[in-house]
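Notes to accompany the following structure.
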Amino acid sequence: MPGSRGAELVSDDDIERAWHDTKLAQVLYHDWEADTYDDKWSISFDERCVTYARDRFTAVAGEPGLPYGRALEVGAGTGFFSLNLRLGGVLDEICVTDLSPGMVEAAQRNARQLGFEVEGRVADAEELPYDDATFDIVVGHAVIHHIPDVELAFREMLRVLRPGGRVVICGEPTRYGDRIARALSRATWWAATRVTHLPPLEKRWARPREELDESSRAAALEAVVDLHTFDPGELAATARRAGLSEVETVTEELTAAWFGWPVRTLEHALNPDRLGWRWASFAYQSWLRLCAVDRVLDHVVPDELFYNVSITGLRPAAS
Ligand SMILES: C[S@@+](CC[C@H](N)C(=O)[O-])C[C@H]1O[C@@H](n2cnc3c(N)ncnc32)[C@H](O)[C@@H]1O
C-alpha cells in the first residue's frame, strides 16, 4: 500500500497519461514518493539496514572480492542498497542512477548526510549513459520488476561492466510469492479500514479519510509501475540470454513475507500516532524470527513460493 504523507499526488490528468506511458508513470510516481520513501519503507543507514543489504547481497553473490571498486546502482531510489552496502564494506566508489530525478537527488542527499559524495545521474536502466566496461559491479534492489524489457536492461548492465565484472540484483518479487503477499495485504487493508472507522475507534485509531483517499489514488499508479513478477528459473534464463555467465538465483522470505506485508499494510491503514517504538520493535523482531524459520523451510518448500528472488551473474572474462 502506498504511503499517504508527503507532497500532493500528481493530477488526475497525469495519471490518465501515465496509464499509457509506463516510463512517465515511473517518474511521476517515484518523484512523488522520493521525499517520504525512506519513512514509508523504514529505510535507514545504520546497523539494521546495513545487515539487511549485506545479507541479501552475500546470500546470492557470496563474499569473495569484497569490496568491489567502482559500482553502479540502477534504479537506486534513495540509495538504500548501495549506500548501505558501502557502509557494510561491500562497495567502494558508487554511482547512483534512477529514472526519477527526485530519487537521484534524495540518494545524493542521503550520501552527503552520511559524510560522503556519490555521483548521481538520471538514467534509464534500458539505456545507460556510460561507456562500455566502466564498472566492476552493477547492483540493483527492487528495480527490474519496473523495467519493461528486462533482457535489454541486463544487456546494458553487461555492456557497462568490465570483463569478469558482476551483476547483483536483489529483492525482486516472485510470481506466487507476490500473489500471496498482495492477497494478504488486500484483506488486511479491507479489515483495518473498516474496523478503525467504527465510531468507538475512529477518533483514536483511524487514519483521516482524505489520507486514505490519497492512498487509493497512489495505489492506482502503483498498478501501472509494477510491471513484472518473476519465476526464478525464467529470470535466470533471461539473464543468460542477455549474455551473463555463472548465473545464480536465490529466493528468500516465505512466512516472513506473509507476516511483513500485512503488518506494513496495517501501519498505513492506522493513525500513525498510535503505533510507537514498541510496535516497531515487535514487528521487526518477529520478522527476523520468521526469516530464521524460512531458512529452514527453504530445504523443503519450492523456491517459487518464496517472496523475494535475487540474481547474480558475470560478464564473461573473454567478452
Ligand atoms: C521500488 S523502487 C526501489 C528503489 C531502491 N532500489 C530501493 O530498494 O529502495 C524502484 C526504483 O526504480 C526506478 N525505476 C523505475 N524504472 C526504471 C528504469 N527504467 N530505469 C531506472 N530506474 C527505474 C524508480 O524510479 C524507483 O526509484
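Numbers below:
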quantity	calculated
With DNA, RNA and ligands ignored, accessible area of residue 175 (1.4 Å probe; Å², nearest 10)	70
Accessible surface of the chain [probe 1.4 Å, protein heavy atoms]: carbon and sulfur percent	53
The range 245-251 - phi-based ³J(HN,Hα) in whole Hz, Karplus 6.51/-1.76/1.60, Gly and Pro as x	10, 6, 6, 10, 10, 9, 10
GNM result for the chain, Cα springs below 10 Å: residue of 244, 270, 297 fluctuating most strongly	297
The range 10-147: C-alpha gyration tensor shape, a/c 1.5 cut-off, then a/b vs b/c	prolate
Kirkwood-type radius of the chain, with distances r between different C-alpha atoms, in Å	20.3
Estimated vicinal HN-Hα couplings, Hz - the range 192-202 in sequence order (Karplus 6.51, -1.76, 1.60; Gly, Pro = x)	5, 5, 7, 4, 6, 9, 5, x, x, 9, 4
Heavy-atom surface of the chain, accessible at 1.4 Å and reported per residue (Å²)	46
Estimated vicinal HN-Hα couplings, Hz - the range 165-177 in sequence order (Karplus 6.51, -1.76, 1.60; Gly, Pro = x)	x, 10, 9, 9, 10, 10, x, 9, x, 7, 4, 7, x
FRET efficiency for residue 246 and residue 112, using Cβ-Cβ distance with R0 set to 45 Å, rounded to 0.05	0.80
Within the chain, helix-based [θ] at 222 nm, where runs of 4 or more DSSP H residues each add -39,500 (n - 2.57), nearest 500	-16000 deg cm²/dmol
Among 156, 252, 117, residue whose mean-square fluctuation peaks in a GNM of the chain (springs only between Cα atoms under 10 Å)	117
Inter-centroid distance (Cα atoms) of the range 33-62 relative to the range 249-279, Å	15
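The values are calculated or read from the model by the stated rules, or taken from the named source; none is laboratory data. Model, not experiment: these values are computed from the prediction. Glycine also receives a Cβ, built like all others from the backbone with ideal geometry; neighbour counts cover every protein chain displayed. Protein only, heavy atoms only, side chains kept; ligands, DNA and RNA dropped before computing areas. Shrake-Rupley method; radii C 1.70, N 1.55, O 1.52, S 1.80 Å.
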